[in-house]
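Visitor: Here's a structure for you.
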Amino acid sequence: MTAPTAKPTVSLVISVWNRKADLRDNLRAIAAQTVPADQVVVVDNASTDGTPEMVLAEFPWVQLIRMPHSRYGACETFNVGFASAHGEFTGILDDDVVLPPTFVEHMLAKFATEPETTAILSPKVVEPEMPDWYLKSEAIHRERYLPTFRGCGSMARSKALRAANWYDIRFFIFGNERDLTTRLLNLGYRVKMFPTVEVFHKAPFGMRHGKRSLYYHVRNFWLYAFKYLPWSQVLAFPFRFLGKKLGGKQQGQGGEVADAVGTIGLFDNIKAVKWGYWVCLKATLAAVWSLPYCLKHRQVCRHPDFEPPLR
């Protein structure tokens, strides 16, 4: 008689900053999983709203890591969590997501049918303000390989994350998922859309508005381009970008931009932010300042799944 196969171990990693109520909802959903996680790691970025105290009081089974100050970026706090995760699989969760009760169960079942080269499964994500053209896009409802993943609620093979050296902390926040995916592609791994799992993310759909978001989205695109795009595409990009004028949340062809949701509404943001084009210029100059770093880590990606954020 064949002995039953042991369930793979799962660690769920959450980075949080001043979102006590959202994190409570998140952890309650994790506690209700049909297949429980073996470890839940919450990395608190020195919250001042009582978040860590809430975790200790209400969820004593959570492994809480408290950062000494709040100046760390999301990339670095997630990396602290990844380094502390001991599961064979690692869930990558934003603080403001609510998982379905079968998240762990279905992710593990899907990984069991996938080759070892499938590094990450990215779910279907539902967010407030999602427009009909996006929701009706065929691309978000079928399994397919991706050039990036939704970092708010995905699951990864831990050994693949370690091989790719986790997030690049130079990115700080925004665009880090695409950068990590590209390094995984260069290592021979792939990322797959798995729409059977549907995750609710409380953040509004598309690019977050504001000067900070605009700055990091623009700066991090250039870091990414310097690291992975052929120079011909890097030099041509400003002209293609201005010609494309990626529009608002009510515009677009869902399949065309389904994998670049973080840039949807970029021109709306530029127009909404005071001196928006000046912010873009400052972000570009900051990226150029980081060019030596990018050249040191440059590895042009030619994998068939590779695709820049804006085609």
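The values are calculated or read from the model by the stated rules, or taken from the named source; none is laboratory data. Worth saying up front: this structure is predicted, and the values here are computed from it rather than measured. FYI the Cβ positions are ideal-geometry reconstructions off the backbone, even for glycines, and counts take in every protein chain you see.
Visitor: What's the number of the condition E198 fails, among (1) surrounded by fewer than 18 Cβ atoms within 10 Å (Cβ to Cβ); (2) closer than 20 Å to E307 by Cβ; (3) of a type in the set (D, E)?
Guide: All conditions are met except number (2).
Visitor: Do you know which residues across the range 25-58 are surrounded by fewer than 16 Cβ atoms within 10 Å (Cβ to Cβ) and of a type in the set (G, A, S)?
Guide: A31, A32, G50, A57
Visitor: Assigned by TED's automatic domain parsing to the domain that holds D168, farther than 22 Å from V197 by Cβ and modelled with pLDDT of 95 or more - does that describe any residue in the range 85-105? Reasoning before the result, please.
Guide: Pass one, the range 85-105, residues assigned by TED's automatic domain parsing to the domain that holds D168: 85-105.
Now restrict to residues that are farther than 22 Å from V197 by Cβ: 86.
The next check asks that each one be modelled with pLDDT of 95 or more; those that pass are 86.
Yes, the range 85-105 contains at least one residue that is assigned by TED's automatic domain parsing to the domain that holds D168, farther than 22 Å from V197 by Cβ and modelled with pLDDT of 95 or more.
Visitor: Consider Y224 against the criteria (1) at pLDDT 90 or above; (2) surrounded by fewer than 19 Cβ atoms within 10 Å (Cβ to Cβ); (3) in a helix (DSSP H, G or I): it satisfies all of them except one. Which criterion is unmet?
Guide: For Y224, the failing item is (2).
Visitor: Listed residues F111, F82; which is over 12 Å from the mean Cα position of the chain (by Cα), under 30 Å from G210 (Cβ atoms) and not acidic (D, E)?
Guide: Residue meeting the stated conditions: F82.
Visitor: Filter the range 142-192 down to residues that are crowded, with 22+ Cβ neighbours inside 10 Å and more than 23 Å from L229 (Cα to Cα) and give me whichever is farthest from the chain's Cα centre (by Cα).
Guide: Among residues in the range 142-192 that are crowded, with 22+ Cβ neighbours inside 10 Å and more than 23 Å from L229 (Cα to Cα), the one farthest from the chain's Cα centre (by Cα) is R157.
Visitor: Considering only the range 9-24, state which residues are surrounded by fewer than 17 Cβ atoms within 10 Å (Cβ to Cβ) and within 16 Å of F103 (Cβ to Cβ).
Guide: T9
Visitor: Against the condition buried (at least 18 other Cβ atoms within 10 Å of the Cβ), in contact with a helix residue (DSSP H, G or I) (Cβ under 7 Å, 6 or more places away or on another chain) and over 25 Å from R212 (Cβ atoms), how does L121 come out, does it pass?
Guide: So L121 fits the description; yes.
Visitor: Next question. In the range 97-115, what count of residues is obtained for those that are out of contact with any Cys (no Cβ under 8 Å at 6 or more places or on another chain) and within 28 Å of F205 (Cα to Cα)?
Guide: Quick first cut of the range 97-115, residues out of contact with any Cys (no Cβ under 8 Å at 6 or more places or on another chain) only: 98-115.
Checking the rest, the ones that are also within 28 Å of F205 (Cα to Cα) come to 98-108, 110-111.
Going through the range 97-115 one residue at a time, the tally reaches 13.
Visitor: Which condition number in (1) touching a residue at least 60 places away in the same chain (Cβ under 8 Å); (2) of a type outside the set (K, R); (3) crowded, with 22+ Cβ neighbours inside 10 Å is the one that P131 fails?
Guide: (3)
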